[in-house]
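The next block holds one structure in the form of structure tokens; read it before the comments.
The values are calculated or read from the model by the stated rules, or taken from the named source; none is laboratory data. Keep in mind that what you see is a predicted model, and the values were worked out from it rather than measured. Cβ coordinates were reconstructed from backbone atoms using ideal geometry, including for glycine residues, and neighbour counts include every protein chain displayed.
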Amino acid sequence: MHTVSRLRHGNEWQAYGGQAVGIDLSAPVLERAHWDAVGDGPANVTSQRGDAQVRPFPAPGFDVILSRGGVMFLADHIAAFTHLRNALVPGGRLAILGPQSGGPDSAYARATAALSPYVREPSPAARGMGSLLDPARIRHVLSAAGFTDIDVTPAEAPMTFGANAPDAADFIMATGPPRHNLRHAEPAAVARIRAEVREALTEFGTADGVRIPPGPSGSSPRPEPSALGIAGMTDEFLRHPQSEHMVGALRPRMRSARAPTGTAANRTRDTEEPQMRTLISTAFISLDGVVEAPGGESGYRNAGWTFKETEFLPEAFEIKGREQQEATAMLMGRTSYEAFSPVWPDMEDFADYKLMPKYVVSTTLTEEELVSNWGETTILRSLDDVAALKETEGGPIILHGSASLNQALSDAGLIDRYHLLVFPLLLGAGKRLFSTTDKDTQKLKLVEHEAYANGLQKNVFDVVH
């Protein structure tokens with residue numbers, strides 16, 4: 001969900017009695033929401049830090065839940081929407097907005113044509129930007145979460161990208177896909193692309209900022225779905241309506257659903273088990289299971305095997321950028337911390353990781369040995385501490401490197417998902433991701449797969465607990 005700052009247009013607040021609560025994981029966004037509310041906001045508008053995937057909301061008391069875009073990046077949609085449904089009064093309403101592909105002939109495609117050779121079209125995967133594109137998937141998720149009367153209808157409206165062309169170009173270039181796909185490009189090439197995007201955006205300048213319309217450039221809006229229309233609708237909608245007509249006015253134009261009437265909305269509350277944070281292990285791995293020294297660390301027999309032996313294809317690494325956007329905390333062992341901490345804080349490729357909380361599992365590391373320029377870092381002393389971390393409020397935790405820690409966590413049943421980029425190599429020697437411990441069979445469910453021309457395979461597995 002988004003914070004209450006999304007409910008504000010100019011100096012007008014859309015809150016009429018009752019209570020409005022905004023939920024977000026981002027501390028900077030919450031701080032902005034707080035300062036937006038200071039002075040001109042009503043006392044019944046508040047914002048809180050939380051993750052709908054693991055947050056059991058208080059007893060039902062909300063009439064309406066609105067979200068623009070925030071639901072796209074949920075790792076466990078059904079768990080999140082179940083919690084949200086439990087927060088609604090019987091007969092309460094949910095209305096969400098998310099982007100759809102504008103297509104190659106859209107005005108947005110024309111405005112960002114300079115980026116098209118570098119940014120591949122995102123696929124409608126099970127998570128990320130495409131997580132709620134398919135109407136059938138939307139109905140499946142919301143039905144599984146207990147919603148009824150589900151309505152999915154495309155909507156179109158212009159979207160504001162910035163105050164002016166330079167501002168809009170900076171925003172677009174800073175979004176995940178361009179930033180990820182251009183991370184290896186020469187600075188001069190990035191500057192040229194930025195200038196071309198900035199020039200193309202000038203034709204969309206208005207008194208209200210750079211506003212790109214849905215539909216083909218130069219034409220009237222089409223009846224088909226548009227990424228810009230879906231994402232921009234809330235700006236247009238929240239400008240005028242009275243609170244009691246908020247959802248009703250948008251029913252034919254939004255993805256909406258209703259909580260069951262009577263007592264059905266509350267039947268699972270007492271029997272649900274608490275939702276734990278998802279622990280994701282991400283790894284570059286050879287076909288024979290080796291994960292050691294993929295990036296060229298000195299002193300290892302096969303150091304640098306990820307780039308020395310396999311052709312680089314940017315699209316094969318799309319998931320790495322997505323991980324930074326979806327994760328809310330980072331976990332690693334001492335050896336990986338000592339390898340990453342001198343380098344990652346100053347790398348633009350890992351800028352999102354710099355801001356999120358980090359946890360290091362070690363029995364010997366001391367507070368004095370932690371670096372001071374890599375954000376908040378907490379030392380965990382045992383696997384029990386990791387288990388306790390998973391029970392705290394928050395979103396997915398990403399585990400990088402740390403072969404020995406991976407093995408221990410896997411054997412303890414604490415890992416929930418694997419993001420594996422499998423390289424077509426047999427390395428022979430080196431630390432492996434999985435231990436040889438004699439243990440019970442652990443079943444995995446393949447939830448995402450893609451093979452690439454250079455032989456790499458992306459395999460995303462959920463652990464069946």
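Can you pull out every residue in region 299-320 that is part of a helix (DSSP H, G or I) and surrounded by fewer than 18 Cβ atoms within 10 Å (Cβ to Cβ)?
307, 308, 314, 315, 320
Let's see how each residue does on (1) closer than 16 Å to residue 359 by Cβ; (2) free of Cβ contacts under 8 Å to residues at least 12 places away in the same chain; (3) among the basic types (Lys, Arg):
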residue: 294; (1), (2), (3): no, no, no
residue: 300; (1), (2), (3): no, no, no
residue: 313; (1), (2), (3): no, no, no
residue: 320; (1), (2), (3): no, no, yes
residue: 324; (1), (2), (3): no, no, no
residue: 336; (1), (2), (3): yes, no, no
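Residue 119 is checked against (1) in a loop (DSSP other than H, G, I, E, B); (2) touching a helix residue (DSSP H, G or I) at 6+ places or on another chain (Cβ under 8 Å); (3) at pLDDT below 70 and fails just one. What number does that condition carry?
Among (1) in a loop (DSSP other than H, G, I, E, B); (2) touching a helix residue (DSSP H, G or I) at 6+ places or on another chain (Cβ under 8 Å); (3) at pLDDT below 70, the lone unmet condition for residue 119 is (3).
Does residue 423 satisfy the condition of being under 24 Å from the mean Cα position of the chain (by Cα) and closer than 22 Å to residue 321 by Cβ?
So residue 423 fails the test.
Restricting attention to region 74-86, does a residue exist that is over 27 Å from residue 278 (Cβ atoms), at pLDDT 75 or above and either surrounded by fewer than 23 Cβ atoms within 10 Å (Cβ to Cβ) or not aromatic (Phe, Trp, Tyr) (or both)?
no
Tell me the strands (runs of 3 or more DSSP E) entirely within region 359-442 that contain at least 2 residues that are surrounded by fewer than 17 Cβ atoms within 10 Å (Cβ to Cβ) and touching a strand residue (DSSP E or B) at 6+ places or on another chain (Cβ under 7 Å).
Where strands (runs of 3 or more DSSP E) fall fully within region 359-442, none carries at least 2 residues being surrounded by fewer than 17 Cβ atoms within 10 Å (Cβ to Cβ) and touching a strand residue (DSSP E or B) at 6+ places or on another chain (Cβ under 7 Å).
Within region 392-403, identify whether any single residue is of a type in the set (S, T, N, Q) and within 23 Å of the chain's Cα centre (by Cα), and answer yes or no.
Taking every residue of region 392-403 in turn, at least one turns out to be of a type in the set (S, T, N, Q) and within 23 Å of the chain's Cα centre (by Cα).
Taking the criterion of being assigned to a loop (DSSP other than H, G, I, E, B) and surrounded by fewer than 18 Cβ atoms within 10 Å (Cβ to Cβ), would at least one residue in region 343-354 satisfy it?
So far as region 343-354 goes, yes, one or more of its residues are assigned to a loop (DSSP other than H, G, I, E, B) and surrounded by fewer than 18 Cβ atoms within 10 Å (Cβ to Cβ).
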